[in-house]
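This report refers to the structure that appears directly beneath it.
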Amino acid sequence: MTTATERSVPKPVFTDAEAGAKEFPDSSARRFNYYVPQKRKQTHYEDVTVEVQPDPRHYLAQGWLYGFADGRGGYPLEWTALKAWGSNRPVPSRSPGSGGQGYEWPAHGWHEFRDPNEEWELSLYRYNANVVRQVNANVDAAKQAKAFEQWNPNWVRFVQQHVGAWMHVDHGLGLYLFANANRRGPTNMHNTAMAVNSMHLIRAAQDLALYQLTLDEEIEGFFGAAHLETWNSDPSWQGVREVAERLTAIDDWAEAVFAANIVFQPLVGELFRSQLVMQAAPRNGDFVTPTIVGAEEFDFSERDLRYTAAMFDLLANDREFAEHNNRILNGWLANWVGLTMPAARALQPLWSQPDSKPIRFEDALDRVKSRFAGIVEDLGLELPKELDR
Amino acid sequence: MSRQSVARAHQKIQELSWEPMYHQPVSQYGTDYTFRKAQKKDPLKQVLRSYFPMQEEKDHRVYGASDGAIRGNMFRQVQERWLEWQKLFLSIIPLPEISAARAMPLLFRNVPNPELHNGQAIQMIDEVRHSTIQQNLKRLYMNNYIDPAGFNSSLRNFQNDYCGTIGRQFAEGFITGDAITAASIYLTIVAETAFTNTLFVAMPAEAAANGDYLLPTVFHSVQSDESRHISNGYATLLMALADEGNHQLLERDLRYAWWNNHRVVDAAIGTFIEYGTKDRRKDRESYAEMWRRWIYDDYYRSYLVPLEKYGLVIPHDLIEEAWNQIWNKGYVHEVAQFFATGWLANYWRIDPMTDKDFEWFEYKYPGWYDRYGKWWENYNRLSTPNGHHPIVAEDVDYQYPHRCWTCMVPCLVREDMVMAQVDGQWRTYCHEACRWTDAEAFRPTFQGRNTPNMGQLIGAREWETLYHGWNWADVVKDMGFVRDDGRTMVAQPHLHLDDPKKMWTLDHLRRMGPLQSPNVLLNQMTDEERAAFHASYVRGGPAGRFARSE
Ligand SMILES: [Fe+2]
Ligand SMILES: [Fe+2]
């Protein structure tokens, strides 16, 4: 890469090229006029996100230029089984003299999705920089207060093995599910939201890994690589691992996001983070781990779940394909709850490992199930019977 | 964090990657390359704990500069000639950026080294950053620059304008086709390593020289992420080279990617830098001089050539030919002249060249005036409506060019035009290398070898064909390049805004003859007519002149 060499700059000249200096057609037309905002006014987020990824159904007159070996280019809508209104209309065909018109914007309902978190460059760096600062500050404060000295050996073991094992879930889903999905959604709004979700998880994985590095330094006998063995062979974790891997194997991008954020995270993620680690830690003299795990919990419950719910809510209430979508979503729900519940149950032995016990496993499970039921109900979907098997 | 703790942190996060035991991640993108699994080092060594605050800090500087530019009335000294071209550039570039983000997953399953995936994920989010920060810059221009037309309709314009289509290769080439061809060779090895220098270093310098110090702030911030991406590409390239079976594909892809990037990027950035500037000091470098230093010396001599010893076949001939095109064949001048010929089909205003510009061109490119001077004098003469047509429909000894079917820039260096019947259609190509790309490289077999994962060139690739037989007023209306009075055009071949009589409207276009697609006409010819047409076309030029009758 070449670095910029200083270049001399000519003296500034007065050009008067400022807004409002003259009046002429369009002189006050200062808003992006190619999309309709979700609410009354165009937001900053919409301005930097909407329509960056083109669509041959409305403006992209010459169509996609490069295709895969099968001739499909761009972002095929068929990459998910779900449909938004207008999806079935054909891409306008071009021929000599056809002109370049497509359907009126938006050509289909996928374009109506807006990330309620309004994530773009500025927001995502600000948010994540704040999280890492907060996590660092908590760990530093704990080091100075010698807070780790109060941990009993069983809790040390618990953190090195089980809190450690969770980083693999974050890392695997962050990369192979969410980062992967950022190539597959039909609009820039979908793909950007999923890319941001991916960074939350990859960051959370690193937060946990680096936390272990600190514990290695601070706690005698802390074995920083213990999480590898737990992840690879502890029977309590193999169910979670099996489901996590299965999630990364899903071809349909919407199913992958749905299964991860609507099913797996509430039933396994929140069970482990909120109902086990956050409950057990303080009772065992650990006030630091909950702040790190809590940062991740906040990512999920306040941001990732939020955009996911908005995304599927739109589809569940689609003006043309609501029934089609609900049938598919209910199918996914039953299937993934069926696959996930055994993994959640397999974690049960973890509840008896700390000296001071957290709330009972069954109570914890009841809590996440009722939280899950609320999410499902908000989406207007059916609570699958697999939940109680 | 100290260097030592960064190293330890990086070491630690290597523990995060794991091999699946129960299910393999989904495999959605094919490649004909093969990779051997080997322990690799993550070339980035980037830990998010330091990455996020670092990027946030860079943002502070960018957004601080944005506020400062507005408070300091920067637009009182910005050259309109320059900023008008930003309507084109900033309509294109957010898509290549976001496409680079989208390209990263193409590598996950195909480069089986989890150590590299961390760097690819960081590149993904870097690219989200670039796309939205550029989109934001454009929004700021729309709000604060005298003429918002063209900025305000940016992403619609870009999608239906032929210049946007040319630029779109620089995005779609990253995300479709053979995964390694696209996301590694085209994107990182050629587009980022070679051509971001002209995009993000040369362009900003020119912006500053034209009174815009905001664009440099944004683009230097973007460029500061680029060295990471170049390391990603380099690591993947070395792995690909380790397998002898890949060498033939690497040779193919480097030829295609190099030539296409040259055709597309040099066309656009060359035009901005040479024809979009008011800085005519003789000591400022020309695009050709910058190209020689940054692309020829820094990329070709210093980056590519050393890779020859690992078995990389470098397209020496095409690199020399790109230089030949820029230096001897006037590639950038031909493109700028074509853009100006077709000003009416665009969404920005193109300032005529003045004597001062002529002098500079003649100094930097001896012989320029003899070739292009007369035409630009005509452009100036025809720039405000006075009973005549836009220059494209006036007799100025300019033969409207045929499109290159591959790179979609027209066949401007007339002598190089190649014609071939491919997939049942007579196509024209700007150069043999573009014919080869279509007819030989993007095919399911290559030199007798099966390449089932190679992509295809698709789409309605000649813009003119869409409007064959249309009145020009309807063409411009169909594309939406009209101002809010419903008749004044967004594009103008001059910079006067204050005199309505100088502004071209749809009514002026209504009087012109219909637009004709050169490719449709070509396919209607008999074989003899076509042969005669080709023989005459390649004798035409420079500057688009018709062939002199013998
Ligand atoms: Fe970039
Ligand atoms: Fe070409």
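Every number here is computed from the coordinates shown, using simple stated rules; none is lab data. All of these numbers come straight from a predicted model, not from anything done at the bench. Counting neighbours? That spans all protein chains shown, and the Cβs are built from the backbone with ideal geometry, glycine included.
Mind pulling the per residue volume of the convex hull built on the Cα atoms of region B:308-442? Å³ is fine.
158
Less than 5 angstrom separates the built amide H of B:Thr505 from those of B:Met489, all sequence-distant by 5 or more or on a different chain.
Pairwise Cα distances in region B:25-173 exceed 18 Å for 67 percent of all pairs. Sort out for me the Cα centre separation of region A:299-349 from region B:359-409, rounded to whole Å. Between the Cα centre of region A:299-349 and that of region B:359-409, the gap is 59 Å.
Per the Kirkwood definition applied to all pairs of different Cα atoms, how many angstroms is the hydrodynamic radius of region A:275-327? If you can, show how the numbers build up before the last one.
Details: mean 1/r = 0.0746 Å⁻¹.
Final number for the Kirkwood radius of region A:275-327 is 13.4 Å.
Taking amide hydrogens as placed 1.01 Å from N in the peptide plane, the amide H of B:Gln492 sits under 5 Å from those of B:Trp348, B:Arg349, B:Ile350, each at least 5 positions away in sequence or on another chain. The mean of 1/r over all distinct Cα pairs in region A:275-389, once inverted, gives the Kirkwood hydrodynamic radius of 16.1 Å.
Which whole-number value in Å³ per residue fits the convex hull of the alpha carbons of region B:403-550? Mind dumping the intermediate values first?
On the way: hull volume 24.5 nm³, N = 148.
With only Cα atoms used, region B:403-550 gives 166 Å³ per residue.
Within a straight-line Cα-Cα reach of under 16 Å, A:Lys357 can be paired with the following aspartates and glutamates, leaving aside sequence neighbours fewer than 8 residues apart in one chain: A:Asp286.
Across region B:194-204, computed HN-Hα scalar couplings (Karplus, 6.51 cos²θ - 1.76 cosθ + 1.60, θ = phi - 60°) run 8, 9, 5, 4, 6, 5, 9, 10, 5, 4, x Hz from first to last residue, x flagging Gly and Pro.
The P(r) of the protein assembly as shown has a tail past 58 Å containing 12 percent of all C-alpha pairs.
Counting only DSSP H runs of at least 4 residues, each contributing -39500 (n - 2.57), and dividing by the residue count of chain A, the helix-based mean residue ellipticity at 222 nm comes to -14500 deg cm²/dmol. Projection of the Cα convex hull of region B:371-455, averaged over all directions and equal to a quarter of that hull's surface, yields 7.8 nm². Within the listed set A:Ala19, A:Ala295, A:Ala142, the Gaussian network model of chain A (springs between alpha-carbon atoms below 10 Å) gives the highest mean-square fluctuation for A:Ala19. Restricting attention to the protein assembly as shown, close to 95% of DSSP beta bridges with both partner residues there are antiparallel. If you take the Cα centroid of region B:524-550 and the Cα centroid of region A:168-196, the two points sit 52 Å apart.
Once you sort the root eigenvalues of the Cα gyration tensor of region A:335-378 as a ≥ b ≥ c, which label holds: rounded (a/c under 1.5), prolate (a/b larger than b/c) or oblate (the other case)?
oblate
For region B:286-338, compute Rh as the Kirkwood radius over C-alpha pairs and then the Stokes-Einstein diffusion coefficient at 10 °C and 1.306 mPa s; write the answer in µm²/s, rounded to an integer. Each step should come with its number before you reach the end.
Details: Rh = 12.0 Å.
Answer, rounded: 133 µm²/s.
Rounded, prolate or oblate: which fits chain A when a ≥ b ≥ c are the square roots of the eigenvalues of the alpha-carbon gyration tensor, with rounded for a/c under 1.5 and prolate only if a/b beats b/c? The shape class here is oblate.
Mean partner shielding of peptide A:175-181, defined as the number of other chain Cβ atoms within 10 Å of each residue Cβ, is 6.
Once you've got the GNM for chain A with C-alpha springs shorter than 10 Å, pick whichever of A:Gly74, A:Gly185, A:Gly100 has the biggest mean-square fluctuation. Of A:Gly74, A:Gly185, A:Gly100, the most mobile in the Gaussian network model is A:Gly100.
Using only alpha carbons, build the gyration tensor for region A:140-179 and give me the equivalent ellipsoid semi-axes, biggest first, whole Å. Present the calculation step by step, with values, prior to reporting the outcome.
Working: eigenvalues 166, 40, 3 Å².
For region A:140-179, the semi-axes come out at 29, 14, 4 Å.
Sorted from fewest to most neighbouring beta carbons within 10 Å, what does the list B:Ser184, A:Ser93 look like? Write down the numbers at each step before the final one.
Details: B:Ser184 30, A:Ser93 8.
Lowest to highest Cβ neighbour count: A:Ser93, B:Ser184.
Which semi-axis lengths, in whole Å and largest first, follow from the square roots of five times the eigenvalues of the Cα gyration tensor of chain B? Mind dumping the intermediate values first?
On the way: eigenvalues 314, 175, 87 Å².
The three semi-axes for chain B are 40, 30, 21 Å.
Could you work out Rg/(2.2 N^0.38 Å) for region A:148-260, with Rg from alpha carbons only? Walk me through the numbers before you get to the answer.
Details: Rg = 16.3 Å, N = 113, 2.2 N^0.38 = 13.3 Å.
That works out to 1.23 for region A:148-260.
Determine the equivalent ellipsoid of region A:203-295 by diagonalising the alpha-carbon gyration tensor, then write out the semi-axes as square roots of 5 times the eigenvalues, largest first, rounded to whole Å.
Details: eigenvalues 143, 52, 32 Å².
Here the semi-axes work out to 27, 16, 13 Å.
The phi-based Karplus calculation (6.51 cos²θ - 1.76 cosθ + 1.60; θ = phi - 60°) puts the 3J(HN,Hα) values of region B:134-141 at 6, 4, 5, 4, 4, 4, 5, 4 Hz, whole numbers, x for Gly and Pro.
How many percent of Cα pairs in region A:227-275 exceed 15 Å? Walk me through the numbers on the way to the answer.
Numbers: 596 of 1176 pairs.
Percent of Cα pairs beyond 15 Å in region A:227-275: 51.
Rg and Dmax of region B:115-210, both derived from C-alpha coordinates alone, stand at 15.7, 49 Å.
Listed values for region B:372-382 are Karplus-derived 3J(HN,Hα) couplings in whole Hz (6.51 cos²θ - 1.76 cosθ + 1.60, θ = phi - 60°), namely 10, x, 4, 4, 5, 5, 5, 4, 4, 4, 9, and x replaces Gly and Pro.
Restricting the calculation to Cα atoms, every distinct pair contributes to the Kirkwood radius of region B:449-511, found to be 14.5 Å. Annotation for region B:151-214 versus region B:30-109: alpha-carbon center distance of 11 Å. Report the net charge of residues surrounding B:Asp161, where surrounding means a beta-carbon distance below 12 angstrom and charges are Lys +1, Arg +1, Asp -1, Glu -1. Here the count lands on +2.
The convex hull defined by the C-alpha atoms of region A:15-144 has an orientation-averaged projected area of 16.3 nm².
Amide H to amide H, with H built 1.01 Å from N, B:Arg280 comes under 5 Å of no residue 5 or more places away or on another chain.
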